[in-house]
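Participant: Got a structure for you, written out below as C-alpha cells; questions coming shortly.
The values are calculated or read from the model by the stated rules, or taken from the named source; none is laboratory data. Only a predicted model underlies this, so the values are computations on that prediction, with no experimental measurement involved. Here the Cβ is made from the backbone with ideal geometry for all residues, glycine too, and neighbour counts use every protein chain on show.
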Amino acid sequence: MRLLASIFVALAFAAIGEAHASCSDLRGARMGNAEVRAVQRVNAGAFTAPNAQPIEGMPAFCRVTLTARPSPQSNVTIEVWLPEREAWNGRLLGTGNGGFGGLIWFHALAGGVKRGYATAHTDLGTFPAGLVESGYDVGIGQPEMVRDWGRRATHEMTLAARAVIELYYAAPPRRAYFAGCSTGGHQALSEAQFFPEDYDAILAGAPGHNRTHLHAEFTRLFQSIARDPSVFATPERAAIVREALLAACGRGRDGGAPGDAFLNNPGACAFSPRRLLCAAGQDQATCLSGAEVAALEEVYAGARNPRTNEVFYSAWPFGAEAALRINGTPRSDPSVGRADGLLRWVMGARWDARTFDRDADLARIDAALGPDINALNANLSAFAARGGKLILYHGWDDPIVSALDTIAYVHRVRSETPNPDSFMRLFMAPGVSHCAGGPGPDLFGGQNGSLDPNDPERDVLAALDRWVESGRAPERVIAAKRGQDGAVTMTRPLCAYPRVARYVGRGDPNAAESFTCVRAREPRFAPPAPRYLQ
C-alpha cells in the first residue's frame with residue numbers, strides 16, 4: 001500500500017514540476033482512495049476552527065482537507081495539518097476520535113502541530129454522528145459506514161497523510177506515531193493489530209477495542225437501571241459509596257497519601273457493598289437500599305452469559321461506580337439506552353434494549369460485527385518485529401471503559417506475544433476518569449495534555465518518542481493535577497504496570513518526589529472471554 005501511495009505522489013510531483021509543493025499546489029491532488037478537496041494557508045497566531053472554536057498560539061501551517069472513499073458508499077473526511085518546513089519535526093502524528101466519530105477534532109490537530117508534528121485526523125466517515133444524541137444510531141442500515149469506523153477510515157487517513165507529507169515536504173515522514181483515547185484507543189490497537197506497518201509507535205488510552213462486549217455491557221447496566229430508576233438517582237447516593245471506599249481502602253491504606261480523594265490502588269481493595277445495606281431504622285442518607293446494593297454487585301462482578309456463566313466483559317474496578325448511572329440511564333425513550341445503537345445495527349432500529357438477551361443476542365451481534373469492529377488480537381508479533389512500541393494508559397476511575405478490561409488485554413498480550421516488555425508498557429492513572437478528569441492527576445501527555453510536552457519524564461508521547469529514538473523504555477511518568485484556578489495542586493508518578501506509586505511516609509504528600517514505585521499484587525479481575533477472537 002505504501003508503494004501505491006508513493007506512485008501517486010510521484011505522479012503528483014511530475015504534475016507540479018517542483019522539488020516540493022506549496023500549500024496551494026496540493027489542491028486537487030489524488031492519492032489512492034483519497035482526493036484533496038480544500039487547502040488553506042494559515043498564518044501564525046489565533047486560528048478560528050470551522051466549529052467556531054478559537055485556538056490560540058498556533059504556528060503557521062498548511063491545512064489540507066481530503067475525502068477518502070474506500071467503498072462506493074464511503075465518505076471519510078480527513079484533515080492533515082502541516083507545519084512550516086523549518087518547524088516540522090520530521091514526524092507524522094495520527095490522532096484518534098471518540099464515540100462513533102462524525103466530527104473532526106480540531107484541538108487534536110492543533111495540539112500535534114504545536115509540537116511540530118504533521119498531524120492527521122479523520123471523522124471516521126460517520127458524519128453526522130457527532131451532532132446527534134446517540135451517534136451510534138447513524139450506523140443503522142449503513143454497513144460500509146460501520147466498516148469505515150471499525151478500522152478502514154484510520155488506515156485510509158494514514159495512507160493519505162503519508163502521501164500529503166511526501167508531496168509537501170519532498171520527503172516521507174522519518175517516524176510515524178499514533179495517539180488516541182477511548183475510540184481513539186480502539187483505533188490505536190486496530191492499527192497495531194491489522195496495519196502494523198502504519199506506525200512506528202502507538203499511544204492507546206482507555207481503548208474501547210472489545211467493542212461488541214463493551215456495548216453489551218452498557219446495555220446490561222441500562223437494564224439494571226430500567227428495573228428501578230431510583231437506583232443512585234442523585235450524586236449524593238453515589239457519594240455514600242465513594243466515602244465508604246475511601247474509609248475502607250484509601251487515605252494511605254493502599255499506598256496513597258492520607259489526604260487523597262481517590263483510591264491509589266483499587267486492585268488491592270477488598271470491599272463488599274453489602275456493608276452499606278440500610279438496617280432497620282437507619283438514616284437512609286447514610287446507607288444504600290437493597291436495589292442499590294444489588295446494582296453495585298452487578299457492576300463489581302463483571303458481565304456473564306446467563307447460560308454458560310462465561311465472562312463477556314470485565315468487572316468495573318472500585319472507584320468507577322459512575323458506570324452504572326452514566327451507561328445505564330435511558331435516553332428520552334425508555335426502551336433505548338445510552339449507547340445500544342451499536343447493537344441496533346444488528347437488532348434493528350425499533351429493538352427494545354430492555355429485552356437484550358446476553359446469550360443469544362450477543363452471539364448474533366458478535367458474529368455480525370466482531371470481524372469488522374473488534375480489535376482483540378493479542379499477538380502483536382508483526383508490530384513488535386519491526387520495532388514498534390506501544391504505550392497504553394487508563395484511568396482507574398473510568399466509568400466508560402473498564403480499566404480491568406485493558407489490564408486483561410495486556411495480560412493476554414504478555415501470554416501471546418514473545419518478549420512483551422521489549423515493546424509494551426501500561427500506565428494506570430489513579431483517580432482519573434475517562435481519558436481525563438476526576439480527582440486524580442490527569443496531566444501526563446494523554447488526552448488532557450501535560451505540563452511540558454517536550455519532557456519525556458512528564459509526557460507519555462514524548463516518552464514514546466524517546467523510546468523509539470534511543471531505546472529507553474519509560475518506567476514512570478510524572479502526572480499533575482491543576483485546580484480550578486489553573487495552579488498545579490498535585491504531582492504523582494504513574495508507574496509502569498504492575499508497579500504502583502507508594503507514599504514514602506514523609507515529605508509533601510502532593511509532590512511526586514515523596515513517592516516511589518513498588519510492585520503491587522495483581523488486581524482482582526475476571527478476564528473477558530469473547531467468543532470472537534481474530
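Participant: For segment 300-321, indicate whether the set of residues that are closer than 24 Å to H209 by Cα, surrounded by 20 or more Cβ atoms within 10 Å (Cβ to Cβ) and charged (D, E, K, R) is non-empty.
Facilitator: Within segment 300-321, one or more residues are closer than 24 Å to H209 by Cα, surrounded by 20 or more Cβ atoms within 10 Å (Cβ to Cβ) and charged (D, E, K, R).
Participant: While we're on this one: For segment 56-83: of the residues being part of a strand (DSSP E or B) and of a type in the set (D, E, K, R), which is nearest to the chain's Cα centre (by Cα)?
Facilitator: The residue in question is E79.
Participant: Give segment 111-127 a look and list any residue that's assigned to a helix (DSSP H, G or I) and buried (at least 22 other Cβ atoms within 10 Å of the Cβ), or say none.
Facilitator: Within segment 111-127, G112, V113 meet the criteria.
Participant: May I pose another question? Take L246 and decide whether it is outside the structural domain of R304 (by TED's automatic domain parsing) and either within 30 Å of P334 (Cα to Cα) or in a helix (DSSP H, G or I) (or both).
Facilitator: no
Participant: Restrict the check to segment 354-366 and report whether at least one residue is hydroxyl-bearing (S, T, Y) and in contact (Cβ under 8 Å) with a residue 12 or more places away in the chain.
Facilitator: no
Residue-by-condition table, conditions (1) among the hydroxyl-bearing types (S, T, Y); (2) farther than 21 Å from G180 by Cβ; (3) modelled with pLDDT under 95; (4) crowded, with 22+ Cβ neighbours inside 10 Å:
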position: A360; (1), (2), (3), (4): no, yes, no, no
position: A367; (1), (2), (3), (4): no, yes, no, no
position: A382; (1), (2), (3), (4): no, no, no, no
position: R386; (1), (2), (3), (4): no, no, no, no
position: Y393; (1), (2), (3), (4): yes, no, no, yes
position: A403; (1), (2), (3), (4): no, no, no, yes
position: N419; (1), (2), (3), (4): no, yes, no, no
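Participant: Separate question: Go through (1) out of contact with any Gly (no Cβ under 8 Å at 6 or more places or on another chain); (2) surrounded by 18 or more Cβ atoms within 10 Å (Cβ to Cβ); (3) at pLDDT below 95; (4) not hydroxyl-bearing (S, T, Y) for A52 and report which single condition fails.
Facilitator: Of the numbered conditions (1) out of contact with any Gly (no Cβ under 8 Å at 6 or more places or on another chain); (2) surrounded by 18 or more Cβ atoms within 10 Å (Cβ to Cβ); (3) at pLDDT below 95; (4) not hydroxyl-bearing (S, T, Y), the odd one out for A52 is (2).
Participant: Separate question: Residues that are under 22 Å from H394 (Cα atoms) and free of Cβ contacts under 8 Å to residues at least 40 places away in the same chain: does segment 130-140 have at least one?
Facilitator: No, there is no match, as no residue in segment 130-140 is under 22 Å from H394 (Cα atoms) and free of Cβ contacts under 8 Å to residues at least 40 places away in the same chain.
Participant: OK, next. Residue check: is N309 closer than 22 Å to F218 by Cα and without any contact (Cβ under 8 Å) to a residue 12 or more places away in the chain?
Facilitator: Taking the combined requirement at face value, the residue satisfies it.
Participant: Separate question: Just need a number here: residues in segment 21-41 that are in a loop (DSSP other than H, G, I, E, B) and either in contact (Cβ under 8 Å) with a residue 40 or more places away in the chain or closer than 14 Å to I165 by Cα (or both).
Facilitator: Total meeting the criteria: 7.
Participant: Do we have any residue at all in segment 266-289 that's under 30 Å from A511 (Cα atoms), of a type outside the set (G, A, S) and not assigned by TED's automatic domain parsing to the domain that holds R354?
Facilitator: Within segment 266-289, none of the residues are under 30 Å from A511 (Cα atoms), of a type outside the set (G, A, S) and not assigned by TED's automatic domain parsing to the domain that holds R354.
Participant: Also: Mind checking which residues of segment 202-220 are in contact with a Phe, Trp or Tyr (Cβ under 9 Å, 6 or more places away or on another chain) and among the hydrophobic types (A, V, I, L, M, F, W, C)? Outline the logic, then answer.
Facilitator: From segment 202-220, those in contact with a Phe, Trp or Tyr (Cβ under 9 Å, 6 or more places away or on another chain) are 202-207, 209-210, 212-217, 219-220; that's our starting set.
Across segment 202-220, the qualifying residues are I202, L203, A204, A206, L214, A216.
Participant: Given the criteria of a type in the set (G, A, S), crowded, with 23+ Cβ neighbours inside 10 Å, part of a helix (DSSP H, G or I) and not assigned by TED's automatic domain parsing to the domain that holds T122, does A204 qualify? Working first, answer last.
Facilitator: On the way: of a type in the set (G, A, S): yes; crowded, with 23+ Cβ neighbours inside 10 Å: yes; part of a helix (DSSP H, G or I): no; not assigned by TED's automatic domain parsing to the domain that holds T122: yes.
The answer is no for A204.
Participant: Being without any contact (Cβ under 8 Å) to a residue 60 or more places away in the chain and either of a type in the set (F, W, Y) or on the phi < 0 side of the Ramachandran plot (or both) is true for just one of D283, D260. Which residue is that? Don't jump to the end; show me each part of the working.
Facilitator: On the way: D260 fails: without any contact (Cβ under 8 Å) to a residue 60 or more places away in the chain.
Result: D283 is the single residue among D283, D260 that is without any contact (Cβ under 8 Å) to a residue 60 or more places away in the chain and either of a type in the set (F, W, Y) or on the phi < 0 side of the Ramachandran plot (or both).
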